[in-house]
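The values are calculated or read from the model by the stated rules, or taken from the named source; none is laboratory data. Bear in mind that the values here come from a model prediction, so they are computed numbers and not experimental data. Methodologically, a virtual Cβ is constructed for each residue, glycine included, from the backbone with ideal geometry; neighbour enumeration extends over all protein chains shown. For the accessible areas, the whole protein counts, side chains as well, though only heavy atoms, and no ligand, DNA or RNA atoms are used. Shrake-Rupley method; radii C 1.70, N 1.55, O 1.52, S 1.80 Å.
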Amino acid sequence: MSLIQLVSALVGDTELAVVVTDGELAAPGPNILYVNAAFERMTGYASHEVVGKSPRMLQGSATSVAAKKRLARALRLGVTHRTTLMNYRKSGEAYRCEIEVFPLLTP
(Lines give C-alpha, C1' and ligand atoms only; values in the text may rest on other atoms or scores of the structure.)
Protein backbone atom coordinates (compact mmCIF):
# COMPACT_ATOMS: atom_id res chain seq x y z
CA MET A 1 0.00 0.00 0.00
CA SER A 2 1.40 3.41 -0.99
CA LEU A 3 1.52 6.36 1.38
CA ILE A 4 -1.27 8.09 -0.54
CA GLN A 5 -3.48 4.98 -0.37
CA LEU A 6 -2.82 4.76 3.38
CA VAL A 7 -3.67 8.45 3.91
CA SER A 8 -6.82 8.07 1.83
CA ALA A 9 -7.91 5.05 3.88
CA LEU A 10 -7.31 6.95 7.12
CA VAL A 11 -8.79 10.36 6.30
CA GLY A 12 -10.83 9.98 3.13
CA ASP A 13 -14.15 10.16 4.97
CA THR A 14 -13.30 12.70 7.67
CA GLU A 15 -15.04 16.08 7.77
CA LEU A 16 -11.67 17.80 8.16
CA ALA A 17 -10.01 18.90 4.95
CA VAL A 18 -6.72 17.08 4.44
CA VAL A 19 -3.97 18.05 2.01
CA VAL A 20 -0.77 16.04 1.55
CA THR A 21 2.13 17.74 -0.22
CA ASP A 22 5.70 16.86 -1.03
CA GLY A 23 8.51 18.55 0.86
CA GLU A 24 9.55 20.99 -1.89
CA LEU A 25 9.40 24.36 -0.15
CA ALA A 26 10.94 26.53 -2.86
CA ALA A 27 8.43 28.19 -5.18
CA PRO A 28 6.45 27.02 -7.00
CA GLY A 29 6.21 24.10 -4.52
CA PRO A 30 5.18 22.39 -2.43
CA ASN A 31 3.20 20.16 -4.75
CA ILE A 32 -0.14 18.70 -3.71
CA LEU A 33 -0.10 14.89 -3.78
CA TYR A 34 -3.54 14.22 -2.27
CA VAL A 35 -6.68 16.00 -1.07
CA ASN A 36 -9.73 14.40 0.50
CA ALA A 37 -13.42 14.95 -0.22
CA ALA A 38 -13.75 17.49 2.62
CA PHE A 39 -11.12 19.65 0.91
CA GLU A 40 -13.08 19.43 -2.34
CA ARG A 41 -16.29 20.52 -0.58
CA MET A 42 -14.55 23.35 1.28
CA THR A 43 -12.69 24.83 -1.69
CA GLY A 44 -14.83 23.89 -4.69
CA TYR A 45 -11.79 22.34 -6.39
CA ALA A 46 -11.87 18.72 -7.50
CA SER A 47 -8.86 16.58 -6.66
CA HIS A 48 -7.73 16.42 -10.30
CA GLU A 49 -7.66 20.23 -10.43
CA VAL A 50 -5.18 20.63 -7.57
CA VAL A 51 -2.96 17.54 -7.53
CA GLY A 52 0.43 18.59 -8.84
CA LYS A 53 -0.17 22.25 -7.98
CA SER A 54 0.88 24.23 -4.92
CA PRO A 55 -1.51 25.01 -2.06
CA ARG A 56 -0.39 28.59 -2.69
CA MET A 57 -3.05 28.63 -5.39
CA LEU A 58 -5.58 29.07 -2.56
CA GLN A 59 -3.96 32.28 -1.34
CA GLY A 60 -4.77 35.80 -2.42
CA SER A 61 -4.66 39.47 -1.56
CA ALA A 62 -5.99 39.09 1.99
CA THR A 63 -3.69 36.19 2.89
CA SER A 64 -1.35 37.34 5.67
CA VAL A 65 2.27 37.55 4.56
CA ALA A 66 3.41 37.26 8.19
CA ALA A 67 1.37 34.08 8.73
CA LYS A 68 2.77 32.59 5.51
CA LYS A 69 6.33 33.36 6.68
CA ARG A 70 5.71 31.70 10.06
CA LEU A 71 4.27 28.66 8.30
CA ALA A 72 7.24 28.44 5.91
CA ARG A 73 9.68 28.73 8.81
CA ALA A 74 7.98 25.89 10.68
CA LEU A 75 8.08 23.71 7.57
CA ARG A 76 11.79 24.43 7.05
CA LEU A 77 12.42 23.48 10.70
CA GLY A 78 10.28 20.36 10.37
CA VAL A 79 8.01 21.25 13.29
CA THR A 80 4.25 21.09 13.74
CA HIS A 81 2.60 24.48 13.34
CA ARG A 82 -0.93 25.89 13.52
CA THR A 83 -2.07 29.12 11.93
CA THR A 84 -5.09 30.68 10.27
CA LEU A 85 -4.92 31.92 6.70
CA MET A 86 -7.37 33.71 4.49
CA ASN A 87 -7.76 31.39 1.52
CA TYR A 88 -9.96 31.55 -1.55
CA ARG A 89 -12.41 29.05 -2.98
CA LYS A 90 -12.56 28.23 -6.68
CA SER A 91 -15.44 30.71 -6.90
CA GLY A 92 -13.16 33.48 -5.58
CA GLU A 93 -14.95 33.63 -2.22
CA ALA A 94 -12.57 34.24 0.70
CA TYR A 95 -12.70 31.99 3.76
CA ARG A 96 -10.71 31.67 6.97
CA CYS A 97 -8.82 28.40 7.05
CA GLU A 98 -7.19 27.02 10.18
CA ILE A 99 -4.15 25.05 9.09
CA GLU A 100 -2.14 22.58 11.11
CA VAL A 101 0.93 21.14 9.44
CA PHE A 102 2.64 17.94 10.46
CA PRO A 103 5.91 17.60 8.55
CA LEU A 104 6.89 13.98 7.98
CA LEU A 105 10.64 13.80 7.72
CA THR A 106 12.33 10.84 6.13
CA PRO A 107 15.95 9.89 6.83
Worksheet item: residue 86 to residue 2: extension gain in nm, 0.36 nm per residue of separation minus the Cα-Cα distance?
Response: 27.0 nm
Fill in: Label-to-label distance, nm, for residues given as residue 67 and residue 54 (7 Å Cα→Cβ offset)
1.8 nm
Worksheet item: What percent does the relative contact order of the chain come to when contacts are Cα pairs within less than 8 Å and at least six residues apart?
Response: 19 percent
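With a 1.4 Å probe and all protein chains in place, put 104, 25, 58 in order of accessible area, largest first.
So the residues, ranked largest to smallest area, are 104, 25, 58.
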Worksheet item: From the phi of every residue in the stretch 85-101, what ³J(HN,Hα) in whole Hz does the Karplus formula 6.51 cos²θ - 1.76 cosθ + 1.60 yield, where θ is phi - 60° and glycine or proline is x?
Response: 10, 8, 10, 10, 6, 4, 6, x, 5, 7, 8, 7, 10, 7, 10, 10, 9
Worksheet item: Got a number for the accessible area of residue 102? Probe 1.4 Å, square angstrom, nearest 10.
Response: 130 Å²
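Quick one: longest stretch of the chain between exposed loop GluC sites (Glu not before Pro), exposed meaning at most 10 other C-beta atoms within 10 Å and loop per DSSP?
The segment 16-92 is the longest one with no such site.
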Response to the item:
Labelled set (i) 12.9, 37; (ii) 13.4, 40; (iii) 16.1, 54; Rg and Dmax of the Cα atoms in Å computed from this model equals the value at (ii)
Discussion item. In whole Hz and in residue order, list the ³J(HN,Hα) couplings for the stretch 66-72 that follow from phi through the Karplus curve 6.51 cos²θ - 1.76 cosθ + 1.60, θ = phi - 60°; x for Gly and Pro.
Written reply: 4, 5, 5, 5, 5, 5, 4
